[in-house]
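J.: Sharing a structure here in structure tokens format.
The values are calculated or read from the model by the stated rules, or taken from the named source; none is laboratory data. Keep in mind that this is a model prediction, so the values were computed, not measured. Heads up, the Cβs are rebuilt from the backbone with ideal geometry, glycines too, and the neighbour counts pull from every protein chain shown.
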Amino acid sequence: MDCIFCKIINGEIPKEFDYESDSLVVFPDINPSADLHLLIVPKKHIGGIRDIGENSGNLLAEVYQTVNQLVKDHNLSDNLYRVVLNGGKAQHVPHLHFHLLGGNWKRMV
Ligand code: 5GP
Ligand code: ZN
């Protein structure tokens, strides 16, 4: 499948992960929109929010638990941060991913 995030996850495109579990990876956005801009990406190819099924509960819980840990690791608790999930025309990479934006973001994604 010609999916850039699948290629990163499969190691076809070399990339250091900030964090990896059985279900997801975390790596920096190539074009950061904030001081800290990480992508939390499920390993399984799920196209987007419309493809989230009723069995995705554990995965989504892990995504937000991972965000919680990243917020702590980067001392964002008393700072500006947000989690963004783009869909429809706002989504450019068709593989489900969550943006963690921290610090003073320059623009919205
Ligand atoms: P979307 O608009 O789909 O929510 O966000 C896609 C994000 O993926 C963009 O912020 C873009 O900068 C990032 N991105 C696209 N291609 C790559 C890549 O090859 N490597 C990394 N690290 N980020 C990418
Ligand atoms: Zn994919």
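J.: Could we say that residue 63 is assigned to a strand (DSSP E or B) and modelled with pLDDT of 95 or more here? Give the derivation first.
T.: Values: assigned to a strand (DSSP E or B): no; modelled with pLDDT of 95 or more: yes.
Against the criterion (assigned to a strand (DSSP E or B) and modelled with pLDDT of 95 or more), residue 63 does not qualify.
J.: Okay, moving on. Only one residue in 9, 46 is touching a Ser or Thr at 6+ places or on another chain (Cβ under 8 Å) and among the aliphatic types (A, V, I, L, M), so which one is that? Full working, then the answer.
T.: On the way: 9 fails: touching a Ser or Thr at 6+ places or on another chain (Cβ under 8 Å).
Sole residue among the options that is touching a Ser or Thr at 6+ places or on another chain (Cβ under 8 Å) and among the aliphatic types (A, V, I, L, M): 46.
J.: Something else about it: List pairs: first in segment 35-55 and closer than 17 Å to residue 21 by Cβ and hydrophobic (A, V, I, L, M, F, W, C), second loosely packed, with under 13 Cβ neighbours inside 10 Å and at pLDDT below 95, Cβ under 9 Å, 6+ apart or cross-chain?
T.: 46/53
Conditions (1) surrounded by 15 or more Cβ atoms within 10 Å (Cβ to Cβ); (2) within 15 Å of the chain's Cα centre (by Cα); (3) under 30 Å from residue 1 (Cα atoms); (4) without any contact (Cβ under 8 Å) to a residue 12 or more places away in the chain, marked per residue:
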position	(1), (2), (3), (4)
62	yes, yes, yes, no
66	yes, yes, yes, no
72	no, no, no, yes
76	yes, no, no, no
79	no, no, no, no
96	yes, yes, yes, no
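J.: Inside segment 1-33, can you point out the residues that are over 21 Å from residue 62 (Cβ atoms), out of contact with any helix residue (DSSP H, G or I) (no Cβ under 8 Å at 6 or more places or on another chain), aliphatic (A, V, I, L, M) and near ligand 1 (Cβ under 8 Å from one of its atoms)?
T.: Within segment 1-33, 4, 30 meet the criteria.
J.: Next question. Return the residue satisfying two criteria in turn: it lies in segment 24-52 and is within 12 Å of ligand 2 (Cβ to nearest atom) and over 14 Å from residue 93 (Cβ atoms), and of such residues it is surrounded by the fewest Cβ atoms within 10 Å (Cβ to Cβ). If you could, list the steps in order and put the result at the bottom.
T.: Step one: list which residues in segment 24-52 are within 12 Å of ligand 2 (Cβ to nearest atom), which gives 25, 41-48, 51.
Cutting the leftovers down to over 14 Å from residue 93 (Cβ atoms) gives us 43-44.
Details: 43: 17, 44: 13.
Residue satisfying both the conditions and the ranking: 44.
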